[in-house]
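See below for the structure under consideration.
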Amino acid sequence: MKEKRFKRIYIQGSISTAEILVDTVTGVNYLFMTSGQAGGLTPLLDEKGQPVITPNALADNAKKGANYYD
């Protein structure tokens, strides 16, 4: 079975949600927002405007199916 590339590591809300997804290949973090049937996705940026990157250890664990938002 092929590994999933994106893993959800954080979720907040129910009808309107905010989720953080990690690309398990690059480690880049993305914010996914939904409200009703609308949604949007953007990379998370640090204070210098650079993408937030999860260390490889977390990305490797995400590949193994760990659910960090539980």
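What about Lys2, is it part of a loop (DSSP other than H, G, I, E, B), open to solvent by 40 Å² or more (accessible area, probe 1.4 Å) and at pLDDT 95 or above? No: the conditions fail for Lys2. Do we find a residue being open to solvent by less than 70 Å² (accessible area, probe 1.4 Å), outside any loop (DSSP other than H, G, I, E, B) and at pLDDT 95 or above anywhere in the stretch 52-68? No, the stretch 52-68 contains no residue that is open to solvent by less than 70 Å² (accessible area, probe 1.4 Å), outside any loop (DSSP other than H, G, I, E, B) and at pLDDT 95 or above.
If you go through the stretch 5-39 and keep only what is small (Gly, Ala, Ser), under 24 Å from Gly49 (Cα atoms) and not in a loop (DSSP other than H, G, I, E, B), you end up with Ala18, Gly39.
The values are calculated or read from the model by the stated rules, or taken from the named source; none is laboratory data. What you see is a predicted model; the values in this text were computed from it and never measured. Side chains included, ligands, DNA and RNA excluded: accessible areas come from the protein's heavy atoms. Shrake-Rupley method; radii C 1.70, N 1.55, O 1.52, S 1.80 Å.
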